[in-house]
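Scroll down for the structure; my scribbles are underneath it.
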Amino acid sequence: MRRGNVFWGLILILTGVLFLLKALHLIDDILGWFWPAALILLGVWILVSNILPRTSSSAEPFELSLEGATQLDLNLDLGLGSVSFSGGTPEGTALSGTRGSTLEIKHNRSGERLLVDLNAGPNFLPFLGPDEGDWQFALTCAVPLNLKVKAGASSLDFDLTDVNLKSLRLEAGASTINIKLPASVEHSEVFLETGAATLDLQLPDGVAASILMEQGASTLDVDRVRFPLLNSSGNHYQSPDYAENPHRVDINLKGGANSVRVG
């Protein structure tokens, strides 16, 4: 049985009990009792859902064909929860993973591009995600990828070491974010806009970077041996060999009170 169904079943029971108590003249104001009781139930349910073991009974593996496209544009809309991306799909496959019932997938071919939209936003709550826990997706390494992610308070993990990343655009709230950038792509662009997030950005050895930071009251930990400070305002770091390095990335970080590590 899906845990989300159990939760909403409990909400219906709670509502019915309150109406019964009002009919018996034991309480006068249903809403006055409902919201405190619902919040308590929500908190208990989140704790229980994280303690009890998860099953995978309702999860279904899926593979999405590349359809002969030479570029993949992938958009993910995520509410709350945990998601991870890595490379390594089978040949001819654009995207694979495990599909819970709350995930909506749309795709269409436009010229040489395959456009894919993953929507887990409207119904995504910590206790209504895939039964096995995290959303886990594998990406093609065969064609250039434009990846766009919009997330709420989430845990995000991107292992893009082997992915042919053209661009990554991420908007996230108070999240924990781990990103490993590609090791051998000629040129990538990364745009990250976050709230009060913890961000760990890793660049493989041999990859040059130009890093521009527009941060609020943030804690910054930048490897200044690899990425020396380029200006007096303290927001632009760049590899000494950026201009001639065959593998480089442009990174733009914008956010509030973040903890940022780049190395």
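Efficiency by 1/(1 + (r/R0)^6): what FRET value for Leu41 and Ala153, r their Cβ-Cβ distance, R0 = 22 Å, to the nearest 0.05?
Numbers: r = 20 Å, r/R0 = 0.92.
Between Leu41 and Ala153 the formula returns 0.60.
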Inset, instruction - Enumerate the whole-percent occupancy of each 5 Å bin, from 0 to the last occupied one, for all C-alpha pair distances of segment 61-262. - result: 2, 7, 16, 19, 19, 16, 11, 7, 3, 1, 0
Legend entry - Residue-count net charge about Val190 - beta-carbon cut-off 9 Å; Lys, Arg +1, Asp, Glu -1: -1
Legend entry - Extension gain, Glu193 back to Thr15 (0.36 nm per residue minus Cα-Cα distance, nm): 60.1 nm
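Suppose R0 equals 51 Å; then what is the FRET efficiency for Ser167 and Lys22 from their Cβ-Cβ distance, rounded to the nearest 0.05?
0.35
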Inset, instruction - Over segment 61-262, calculate the relative contact order: mean separation of alpha carbon pairs under 8 Å at least 6 apart, over the residue count, as a percent. - result: 19 percent
Legend entry - Proximal charge balance of Thr93 [Cβ under 12 Å; K/R count +1, D/E count -1]: -3
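If a/c stays under 1.5 just call it rounded; otherwise compare a/b with b/c (prolate if a/b is bigger, oblate if not). Do that for segment 165-263, with a ≥ b ≥ c from the square roots of the Cα gyration tensor eigenvalues.
Numbers: a/c = 1.96, a/b = 1.34, b/c = 1.47.
Judged from the Cα gyration tensor, segment 165-263 comes out oblate (a/c at least 1.5, b/c at or above a/b).
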Legend entry - Sum of side-chain charges, Asn146 neighbourhood, beta-carbon under 11 Å (Lys, Arg +1; Asp, Glu -1): +2
Legend entry - Order of Ile251, Ile11 - criterion: other Cβ atoms within 10 Å of each residue's Cβ, fewest first: Ile11, Ile251
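What is the order of Ser184, Ser86, fewest Cβ neighbours within 10 Å to most? Please list the in-between numbers first.
Values: Ser184 12, Ser86 18.
The most exposed by this proxy come first: Ser184, Ser86.
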Inset, instruction - Just subtract the alpha-carbon distance of Glu112 and Ser84 from 0.36 nm times their residue separation and send over the number in nm, one decimal. - result: 7.4 nm
Legend entry - Relative contact order [Cα under 8 Å, 6+ residues apart], segment 158-263, whole percent: 33 percent
Legend entry - Charge dipole of segment 152-263 about the Cα centre (unit charges at C-beta), most positive-ward option of Gly263, Gly234, Thr176: Gly234
Inset, instruction - Go through Leu253, Leu203, Ser155 and say which Cα lies farthest out towards the positive end of the charge dipole of segment 61-262; charges sit on Cβ, +1 for Lys and Arg, -1 for Asp and Glu. - result: Leu253
Legend entry - Burial order of peptide ranges 165-173, 27-35 (average beta-carbon count within 10 Å, highest first): 165-173, 27-35
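If you place +1 on the Cβ of every Lys and Arg and -1 on the Cβ of every Asp and Glu, how big does the dipole about the Cα centre of segment 61-262 come out, in debye to the nearest 20?
Details: 14 positive and 26 negative charges, 75 e Å.
Result for segment 61-262 is approximately 360 debye, rounded to the nearest 20.
Rule-based calculations on the coordinates, nothing more; no lab input. Remember, it's a predicted structure, so these values are computed and weren't measured experimentally. In this analysis, Cβ positions are derived from the backbone assuming ideal geometry, glycine residues included, and neighbour counts consider all displayed protein chains.
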